[in-house]
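No lab work stands behind these numbers, since they all come straight from the coordinates. Predicted model, so just to flag it, every value in this text is computed and none were measured. Quick reminder, even Gly has a Cβ in these numbers, built from the backbone with ideal geometry, and neighbours come from all protein chains shown.
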Amino acid sequence: MLNCGEMQDHGSGLAVSGLQSALLFESPEEIYARVFREFKPRTPLPKIHVEFCRFANPDSFIRLETGVIHVRISDLLEGAPAPVQEALAQILLSKLFRRPAARIYGHRYRLYLNRRDVRRQMHLVRQIRGHKFVSGPQGSHYNLDAVFEALNAEYFAGLLARPRLGWSRAASRSMLGHFDPSHNAIIINRIFDTPVVPGLALDYVMFHEMLHLRYPVEHNGARRRVHTKEFREAEKQFTRWKEAKEILRKL
């Protein structure tokens, strides 16, 4: 922990400016007020209310209502350093006033979220607070357990542990499937649970999500790589890969 008496280190040449020192002791409301004045220097400062909430994800929301700016932030970020809090203030107020936020603030915010200790905390919070609907593997036409085990035997030598499997609540054309590592679940779009859509398409989507078990997300600084080079190369090992992709394109 850095104490007030340690703010300047003459031996190393490290010094904290008056502004930086002030930032360390600003309240969240003071941070948002200062950033507000940067955006609206001639506008009277409205009342600002900042609340840290028990969200399952590091979500943040801002709205202007009856002359009051309401900010709701995940309590995962309550202990974030002042520069990260300021970056989030820049991002949220930019959104409120429909202006592009400077890239440095987005970079700083992502860099913090990608810290190993922060990612570990987010993962635990999702497990504890998150409510994951998993319908179960049996659909109207297909059983996801059977699909998973067939692909596991063919492509993974049967070595993948089977996660929770389920169908989405409703058919959708936006997300075909996803793997949720916090709840160890693969959810497949219900659009595939019909004889109209070729089974090859379902097999490919399940195979894609299974690869996320084999190749976890990589984090490097502010970058988050979901589909790594190894992931993409392994994906092409799927039999009739191009044909399956064409079916999905038409969907």
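Full extension from D75 to F61: what is 0.36 nm times the residue separation minus their Cα-Cα distance, to one decimal in nm?
Working: separation 14, 0.36 × 14 = 5.04 nm, distance 1.25 nm.
The D75-F61 span can extend by a further 3.8 nm.
For the range 144-250, state what percent of all Cα-Cα pairs lands in each successive 10 Å bin, counting from 0 Å until the bin that includes the largest distance.
Calculated P(r), rounded to whole percents: 14, 47, 34, 5, 0.
Report the calculated FRET efficiency for R98 and R120 (r = Cβ-Cβ distance, R0 = 35 Å), to the nearest 0.05. Working shown, then result.
Numbers: r = 35 Å, r/R0 = 1.00.
About 0.50, to the nearest 0.05.
What dipole magnitude, in Debye to the nearest 20, does the chain give about its Cα centre under +1 on Lys/Arg Cβ and -1 on Asp/Glu Cβ? Spell out each step's value before the answer.
Details: 38 positive and 26 negative charges, 164 e Å.
That gives a dipole near 780 debye.
Considering all alpha-carbon pairs of the chain, what whole percent are spaced by more than 22 angstrom?
Working: 20731 of 31375 pairs.
Of all Cα-Cα pairs in the chain, 66 percent lie more than 22 Å apart.
Count the lysine pairs in the chain whose Cα atoms sit under 25 Å apart, keeping only pairs 8 or more residues apart in sequence or on different chains. Let's see the in-between values first.
Values: K40/K95; K47/K95; K229/K242; K229/K245; K236/K245; K236/K250; K242/K250.
Within the chain, the lysine pair count is 7.
Add -39500 (n - 2.57) for each DSSP H run of 4 or more in the chain, then divide by its residues: what number comes out at 222 nm, to the nearest 500 deg cm²/dmol? Let's see the in-between values first.
Values: 9 runs with 104 residues, N = 251.
Helices in the chain give a 222 nm mean residue ellipticity of -12500 deg cm²/dmol.
Just for the Cα atoms in the range 74-186, what are the lengths along the principal axes, largest first, rounded to whole Å?
That gives 50, 30, 26 Å along the principal axes, largest extent first.
On a full-extension model of 0.36 nm per residue, what is the gain between A171 and T194, subtracting their alpha-carbon distance, rounded to one decimal in nm? Show your work: numbers first, answer last.
Values: separation 23, 0.36 × 23 = 8.28 nm, distance 1.05 nm.
So the extension gain works out to 7.2 nm.
With a cut-off of 8 Å between alpha carbons and a minimum separation of six or more residues, what is the relative contact order of the chain in percent?
Values: 302 pairs, mean separation 30.6, N = 251.
Rounded, it is 12 percent for the chain.
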